[in-house]
Structures are given as structure tokens and as C-alpha cells.
1. Can you pull the semi-axes for segment A:132-212, root of five times each eigenvalue of the Cα gyration tensor, sorted largest first, whole Å?
2. Need one number: % antiparallel among DSSP beta bridges in the protein assembly as shown, to the nearest 5.
3. Over segment B:67-123, what is the mean sequence separation of C-alpha contacts under 8 Å (at least six apart), divided by residue count, expressed as relative contact order in percent?
4. Can you pull the Kirkwood radius for the protein assembly as shown, inverse mean 1/r over Cα pairs, to one decimal in Å?
5. Just want the ordering: A:358, A:308, from fewest to most Cβ atoms lying within 10 Å of their own Cβ.
6. What percentages, rounded to whole numbers, describe P(r) for segment A:50-125 computed over all alpha carbon pairs with 5 Å bin width beginning at zero?
7. Past the 27 angstrom mark, what percentage of all C-alpha to C-alpha distances in segment B:1-153 do you count?
8. At what distance in angstrom do the alpha carbon centres of segment B:1-63 and segment B:422-452 lie from each other?
């Protein structure tokens, strides 16, 4: 392994330039205008897989964006790792808040800023470089690997599920490895054992066929922006508890053991609040901040639009109002059941003054694994070797819906080994990755493959 | 008078073409980008005043857009009419809902479509043509006239008040005439004796310094879009009553006589609802639709903006949320007092999780006059001659803030004689004016000047 680590350390500058080239492709899956960029990015990833020595590289077409596949299967008898990542990224608006262009990787204070630097291009690339180092120095890997890098993670991975279902034999493996989550804190490498799920909706109200003069008509008709506000306000109580009937029915309670573990973590609530620039933290009554984010479901308004939103004053009663509403779910909530409950309730609370359009955008199941899984333990040892300290075990508030798919369709456990930062701005302006973590992550990944080789399967 | 009426009837085609030229100037006062168009429009109006034979025409500069002044004072001993109108127009968004370009006057089914066709360029132009006909045919007017056409009516007439206050002597007159309101219905010419006032605000909330990933942070912080919805929902109760403390203190109750008059008007609530495309009408409990629009104050959300509003799903907790909120006021509510009450209450209901910015946009006082005023009666006779039927007396839900200014600063009664249509879309796409009403309005205006000549002052 020493020669692998030496190779990695000697190639840092090249890695950075290569990663910048990947980050320069604006593969925003949520915006149709970027469709050609998304495809270009898939092709870049496939080319890179070939460059580093993977085999059977190909773009699998789907009903949406292609899945890039590559493998190396020259270690008979050794375990097989199925690595999952995504090459698509979040939109970049509001653009004016970026301190450097989102698709121009820029290093400031040891951190690389760009959309996708942490979520997930940077972390996918970390594995590419670990695999490359093994193959260049030893001509082989200690394990078998299959990689699938998809292009729809930021829009719900709708077609990946189908791809996995229809390629079960080709994807057969012993463990799934995913690097798409932050570490607990700077200097505190982590392994994540739980993720929240997602259910995302759009609510559109129409009150009249066109916008109306608020003088000539104000008082005679319901205002869709006001009605939307009334409806949203009913969704949570003052204590932050979601009021959709049945919403908490399947929520698995945090165990006392988990709550004790969370309390021991080096979490500074004041620093957390100040980093976010929030005047005051706020969440569900009866839970700590970590418990709220990792172990409790939430409901958020992701967007609101109605009427006149430019500078100045326009005295209009809007014809329509729109809200994007999403929920983060925890084990054992089911996104489809939650969607049914929510839709039924929204139709119930919508007044007869409005035409309602309710749209289900996408959903993903929550997930949890156990710490004592042999692969999780192997990851823990690799992190200790790469970062010089043992990891903490955490949950994550975000969603990686395919983790549940791998569990259900392939019967595989997942190891979530992420090197992002908690303040990496994954879905906001000025997304970044710490270059120290990036380089240590490459080394830890290389060790991880060696540790995985020792797991009896 | 016959020669005046003949002249008007013979020049209809020319009037239409000239009006289209005026409507082609996008004098949108709310949008800074249109500042040059606003000025160009003021100059067009001044040129037109000179063309039709008015004297002392000039642009009075203000801190904002110029007031165009012109007069004809050759009837010593006769009453003096101060005519007020505005050459600025509302914004045109959403542009895609216009069936023909908003600044290209287009006739369909006897109606002229364009922004400003009804509010207020078309109605100002109606008086220009009545004055022109008198001057061309008789070389004189039966009364003295002073015209002020301003460019900030759609943004609160902030500088007109100052202009009136500082030009009291120059503006001395016997009556103010304004044509900036719709008739009650097609075929039902009207004189308006009451207007609502306005108070307009913007509320901005900030929860965090930037947008956050709803997975990584959802549950830990308050969501400004949700908080804004909660705040807005508190502004009115289920019965449509405004909950701002003290809001109704100065509301003058509708008299039994008024309520009886309103009941007699040919108002078809079903047709009204269907014309608007509203599934169901809704307003303050205990009042009819006309009472709600004409005689009761309202609170409307004019605009909402927060987070991700594009196509697709972005899992973001917005950093900021914005609402534009305005109230229509009735006698004897005072916009400044209402603004104080509202601002104080908004600060009180805003939670500590948010930074609040409260902006007062503009306001205008409500107004009422009495039916038996001699000028109002003269207008009634003129309308009967121009339209062939006597007018009904109505109130209007809109605001013409300067009407109160004329009352207070100049001690003048106002006559509101409008020929717009109730469904003219004054502040919405596809604004229009009925050409029959426009031509009859020119004739009625010409008669009105003659009727005014007979009022003893």
C-alpha cells in the first residue's frame, strides 16, 4: 500500500486540475436547458473511467439521464464493491451570491469552491483517483469493483431504480459504498448509518382567470396568495409538529442509546447557529438540534411564488399562487403513504374558492443500517488509517433514495463514507470541499479497498 | 353644440389612430427601466395639449415624473374646471397572457386592447378630443379649464401632492373633474361618489445568511417562507375580517340608504363570478359583494416570493421570503395611522427566528362626496345627453389618492365621471376600453363643459 499512498501524494496537483475540469460542466439535472451538459458530463465520467483503467465502461440509457457503468473484476474470490455516486448537480441560483463562478473551481483558504465540489462530483472523483493509484502502481485492485454513477440524484433518481431492478445480475455485489455525505465536523471523520427520506410536492392554486385590480375587486374574491399562506400555516403547529393526519404513525423513535451517542458528539450549537447566520434556532419541541435534523421528520416550504414580485408596488390580486413543499422522512415512514396522506389532507383544507392542482414531484425512502456490520467496521479502520483518527457514527438529515433500493432490490448493505464538510453549502451558493479532506479521502478510499479485501463474504 | 357633436362623430377614425400612438408609449412608472418612456409620454401629452389649442402648456418637473399642465382661461365669469388624469400605466406582466401586444392598440369586437386604454390614457384622451372639438368648431370653450396630467398615479402620486400644495394659486378652480373609473356596467353610465384609499407595504424576512440544504438542515432552523405564511395567515380571520388591532376603529359604516341603493343596481353576481373565472366568491361576512368592494376595507397579498420557483424540485430551505401586502381603506381611515398600526403589529407577530424588514411603499386617503352637489348634478345631465340615459351613483373600490388632496389643499369637490368597463382589466393583461363608450364619452364630455357653464359659482 505504501506505493499507492506515495502515488496519491505525488499527484495532488494533477487531481485538482482534473477535478476542476469535471466541475466545469454545468450538469444541472433540474433544469431542462442543461440537458446537453448533463450528457456531456456523463461522457466525461465514462472517459475518465477508461483513463483510470476500468473495464466494460458504458453509458446505460434510461428514460432520463444515462447511468455511467464501469467495473474491474480481476480479483476472483475477493469481495465485490458496488460504488454508487452521481454526476448531476443542484441548480446554482441565486447566482449573485456566489463569490466565484459556480462552474469554475476556485481554491480559497484550502477549500475548492464550485457547484458539485462536495455533492457529489468531488467525492466520486476521490474514488476514481484511489482506484487509479491502485491500478497504476499494482496493476490490480485487491477487490472487485462495479461503479454506477447516475445523473438524476438531484431530481429523485427516478430512473435509477428501474435500472437497478433490470440489472440485478450485472450489479450483484457484496456491499454498496457511497461517498455523498459530509463528515460530522472538520477533523471529525464519520460514518453515516442513517438517512432521511424525501417526499416533494407542488401546490398550485388559481382563484380567478387573470390577475385583478385590488381596488376594483378587492373584497369580492378570495386571494390565492392569502389562501396558500393559510393552508401552509396549517401544516405545522407552533411547536414545529407536522399536522398532516397520520404523519407520525410510522416514525421509529430515537433510541435512548442513540440520543446518548448524539449528546457526546462535539456539536457546538452556538457556532452552528452563527455559521448559518440564523438569529435563533427553531425546531420540534422536545428534541435537540441533532435529533431534529437526523432523527425526526420535517416539512419545509422550498419555494413560494405569486403575483407581483418586482421592485415597487403593483396593486394586483394574483390569479395564481404556487408553493413547493417537501418533507424529510425517517424510518419507517413510506414516501408513497405520506404522499397519499398529504394529498388527501391538502384537498380537504383547500377552500372552494380555489382551483387546486396537487403535483407529486418525487420521493425517496429513509434508511438505516447497524454499526456492527463487517463492512462498516472495515470502513472505520480505513478512515482511521487515512485520517489518523477513528470515525464517529452519525446519521444524516439528507436523502440518498437509492440506498433503500440497493437494500431492497439487491439485498446489499451500504457503507456511507463521506468527506464533505457540514458547512459545505451543498445545495446553496458557494458549495465547497476541503482539499485536505479530499486528499485524505483518496488515501482512506485506497485503504478501504484493502480492508474490504479482508472481509469474509 | 350640434356642430361640436358633428365634428366628434366625423373624426372617430382619427381619434382611434391618435390614441393608439399614445398607448404605444410604455410609460410604466413602477419600473425604473421605463423612466425614459415615462418622460417621452409626458412630452407627447404636452404636444397634444398644444395641438388641440390649450395654452401655457408646460412640463412641471417634480422629484419624480413631470406633471403636464395646460389651460384655457378665456371665459371670464364662467366656472373653472380643473381636470386631473395620469399618463403613467401599470406594469404588463405576466406578458404571456396578453392576446395582443400590450403597447400596440388592437381593436377586437369593438374594444380597444392595450395597457392604459382604460386606465387612464384613453379617458384622458376623451377629454382632449372634447376640448379640441369645442375649440376647433367655436374657437372657444364655455368654461375655463386647467388640466394636470401626472405620471405617478400608479406608484402613489407621491410628488403630485407636493405639486398641488405649492401651486395652489395656479390651480384655483371651482371643481375637479376626473375620468379614471369604470361605469357600473355596459350600458349603465355612472357617477362615482366614493373611493377607497390605499396603504401598501413590503415584508422581507431573512432566516439564514444563505439558502440551506433541506436535508442537512431541515428541522434545525425556522423557514422564512413558512414563517411568512404563518404571519400572513394571522392577518385575516376565516370570515375575512382583518385582525390588525385597531384597523376598524375609523371605518365609517355604510348607511342604510346606501345599502338600499346598492341593492337596486343591476348587479348579476353569477355573471360577475363567471367573468372573473372564480370558482366561488368570498369576502367579509355580513356584506354583499358590492358593499365589500365599495364600502369595506380589505387586505390583500399582492405578491409572494421565496426560494426555488422554477420547474422541478430543489430541496432548499430559503434564506429569505418576501410578501407585498396592501390594504384598501374606506372613509374615515387614515393611511398613515393604518401604517403605524400595521407595522407595530407585524413587528409583534414576527418571531425571533427571523430578521424582519418592513417597508412602507405608499398610501392614499379614501374619499366621498355627496350626490346633490351642483357639479355632480351637471355631470349627470351631460351623461344623459351623451349616452341617452341617466347615470347611476356608485362608489368605487379603487383609489385615486389625489382626490383627497384636491379636497384638502384646494377645497374643491370632485366629479368622477368614468367610461371604463367593469371588466376592463385595468391592472391585468388584456386591458381594454369599449370604443362606443369612448366615443360617447367624448360627446358627454363636450356636453359636460356646457352644463358646467350653467352652474352658479
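1. Each semi-axis is √(5λ); the values are 40, 21, 13 Å.
2. In the protein assembly as shown, approximately 70 percent of DSSP beta bridges are antiparallel ones.
3. For segment B:67-123, the relative contact order is 32 percent.
4. One over the average 1/r among Cα pairs gives 30.8 Å for the protein assembly as shown.
5. So the ranking, lowest neighbour count to highest, is A:358, A:308.
6. Answer for segment A:50-125: a P(r) of 3, 12, 16, 19, 16, 13, 10, 7, 3, 1, 0 percent.
7. So the pairs more than 27 Å apart make up 25 percent of the total in segment B:1-153.
8. Using only Cα atoms, the two centres lie 15 Å from each other.
Only the coordinates and a few stated rules stand behind these numbers; no lab work does. Just so it is clear, the model here is predicted, and its values are computed rather than measured. As a convention, Cβ positions derive from the backbone with ideal geometry for all residues, glycine included, and neighbour counts pool all protein chains shown.
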